[in-house]
Structures are given as C-alpha cells and as structure tokens.
Amino acid sequence: MMYLFNENAGKEHLVLKGETHKYLVKVLRHSVGDMLHLRNKASIENLHLYEIVSIEGRSLELQLLSITLSEIKPSKNLHIAWCVIESKSIEKMLPSLNEIGVGRISFIYCERSQKNFKLDFKRFERILEASMQQSGRTQMMELDTYKNLQQFIEKFPDTKVFDFSDTVLQGESHFEHVLVGCEGGFSKAEKEFLQAQDVFRLDTPMILRSESAVMAVASKILL
C-alpha cells in the first residue's frame, strides 16, 4: 500500500478507527513508530507523512511529520471506448487498467451488449480508489457512458477500432482513443458504420475475450 485516502489528511493529529484501524493493525501489522502516507481527495497532489504515536484497542493516533507535493500520473493518455460486458468482468479488469495508466473508459451499449447489464459507477470508483492506494497513482480514471457507437464516434472521430483486420498494431503505435467490442464482437450494421475508422488487430491467432482484448491493447500502447 503506497498511501491511504483520508478526508482529514493534513491535520496535525489524526485518530483512525473502524476498518482502517483493523486493516493497519491486524492485516498490515503496523506498530507505534511506523510511518504512514495519507492523501486527501480534496488536494490529492499533497502527500502527508504521519507517524503512529499510539495504538489503542480500537483506534490509533497519528502525528503529522511533513507535507510534500507528489503527483504520480500516467505519461501517456489513453481513452478506451468499451462495449458493455458483464459488470463482474469489468470489475476484475479495472485495477489492472488503472495501474497501467488508462486515463478514461467510456462504456458503450453496443448492439451485442446485454441491456440488462447495469453499471454501478460508485462501486467502480471504490475499486479504483483501492487500486490507487495500492499503486500510488494520484489521477482518478474518468468513467462515462454512451448510448451507442454513433454517439461516441461523432464526438471522437479519430477513434481506432480493435477488430479483425490485416493491419497489426505495432509496438511503437500511439493514439488516444480506441474502441473494443463486447463478447461476440460488432454487429454487421456496426461494422458497416465503422468502415471509415482505422481498424487493427493484435499479432495473435487466438480469439480474445473482450476483457483480454482491452488489457492487451492498453498494455501495448501504454507500456
């Protein structure tokens, strides 16, 4: 864990209780004299260094030692347009996508997306916050939705498309907006609509699941 979010980070003295106390003492085995880094979402660029000065049965007290400006952000900007798949599959991939530096994910209800898949953005944000604390990232990933491909492409006409193609994505490639389909790929009508876009594939003979494709493409571009 690189740091903890706390809404009171920046104060001279802090008392941590509840699940935070349990996690720090029971799981991470922290003791008096240990140092902790905290961030406040209101000024996330500031890294607060605290010392644990006492530990009680259900609380621990911290003393502020220093505040430094420390931002950890991706060096490249990647915006993924992802046709909606099952929420559980999305949740499994979010920490990894966050850690490698994806800046934004736009979820699109494509023709082969099951419309009963409801996206819980509050849960997604909690998952991303936990990932930020583990990885050290200080830039929150943006999340939004679009009703269909037409709406998204109209706003981002330079979007590249991951699909079957003769063009293989090269290691030195870089672009900001990429579209990945859901399970079953794009419908015939969607393929026709996307004909004007640049389409590419990865250099593999295997068929990738949607979540595998998102991770592979993002890693190829960002890392």
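The values are calculated or read from the model by the stated rules, or taken from the named source; none is laboratory data. Remember, predicted model here, so these are calculated numbers, not experimental data. With ideal geometry, Cβ positions are generated from the backbone for all residues, glycine too; neighbour counts draw on all protein chains shown.
Those residues that are part of a loop (DSSP other than H, G, I, E, B), within 22 Å of residue 101 (Cα to Cα) and without any contact (Cβ under 8 Å) to a residue 60 or more places away in the chain, I need them from region 148-170; list them, please.
Let us first name the residues in region 148-170 that are part of a loop (DSSP other than H, G, I, E, B), namely 148, 156-159, 163-167, 169-170.
Then drop every residue that is not within 22 Å of residue 101 (Cα to Cα), which leaves 156, 158-159, 169-170.
Result: 158, 169, 170.
Out of 38, 47, 4, report the one residue that is surrounded by 13 or more Cβ atoms within 10 Å (Cβ to Cβ), within 18 Å of residue 131 (Cα to Cα) and without any contact (Cβ under 8 Å) to a residue 40 or more places away in the chain.
Working: 47 fails: without any contact (Cβ under 8 Å) to a residue 40 or more places away in the chain; 4 fails: without any contact (Cβ under 8 Å) to a residue 40 or more places away in the chain.
One residue alone meets the criteria, 38.
Regarding region 68-81, can at least one residue be identified that is surrounded by fewer than 12 Cβ atoms within 10 Å (Cβ to Cβ) and in a strand (DSSP E or B)?
yes
Given the structure, is residue 53 in contact with a strand residue (DSSP E or B) (Cβ under 7 Å, 6 or more places away or on another chain), farther than 30 Å from residue 179 by Cβ, surrounded by 12 or more Cβ atoms within 10 Å (Cβ to Cβ) and of a type in the set (Val, Ile, Thr)?
Details: in contact with a strand residue (DSSP E or B) (Cβ under 7 Å, 6 or more places away or on another chain): yes; farther than 30 Å from residue 179 by Cβ: yes; surrounded by 12 or more Cβ atoms within 10 Å (Cβ to Cβ): yes; of a type in the set (Val, Ile, Thr): yes.
Criteria met by residue 53.
Return a yes/no flag: does region 171-181 have any residue that is of a type in the set (S, T, N, Q), surrounded by fewer than 18 Cβ atoms within 10 Å (Cβ to Cβ), in contact with a Lys or Arg (Cβ under 9 Å, 6 or more places away or on another chain) and in a helix (DSSP H, G or I). I'd like the intermediate steps shown before the answer.
Filtering region 171-181 down to residues of a type in the set (S, T, N, Q) leaves 173.
From the residues that got through so far, the ones that are surrounded by fewer than 18 Cβ atoms within 10 Å (Cβ to Cβ) too are 173.
Applying the additional criterion that residues be in contact with a Lys or Arg (Cβ under 9 Å, 6 or more places away or on another chain) yields 173.
Of the ones still in play, those that are also in a helix (DSSP H, G or I) are none.
So far as region 171-181 goes, no, none of its residues is of a type in the set (S, T, N, Q), surrounded by fewer than 18 Cβ atoms within 10 Å (Cβ to Cβ), in contact with a Lys or Arg (Cβ under 9 Å, 6 or more places away or on another chain) and in a helix (DSSP H, G or I).
Could you say whether any residue in region 35-58 is within 25 Å of residue 219 (Cβ to Cβ), in a loop (DSSP other than H, G, I, E, B) and not aliphatic (A, V, I, L, M)?
no
Filter region 109-134 for residues that are at pLDDT below 95, over 15 Å from residue 148 (Cβ atoms) and crowded, with 17+ Cβ neighbours inside 10 Å and give the result.
Result: no residue meets the conditions.
Can you tell me how many residues within region 165-201 are aromatic (Phe, Trp, Tyr) and under 17 Å from residue 111 (Cβ atoms)?
Filtering region 165-201 down to residues aromatic (Phe, Trp, Tyr) leaves 175, 186, 193, 200.
With the extra rule that they be under 17 Å from residue 111 (Cβ atoms), the set shrinks to 186, 193.
Residues in region 165-201 being aromatic (Phe, Trp, Tyr) and under 17 Å from residue 111 (Cβ atoms): 2 in total.
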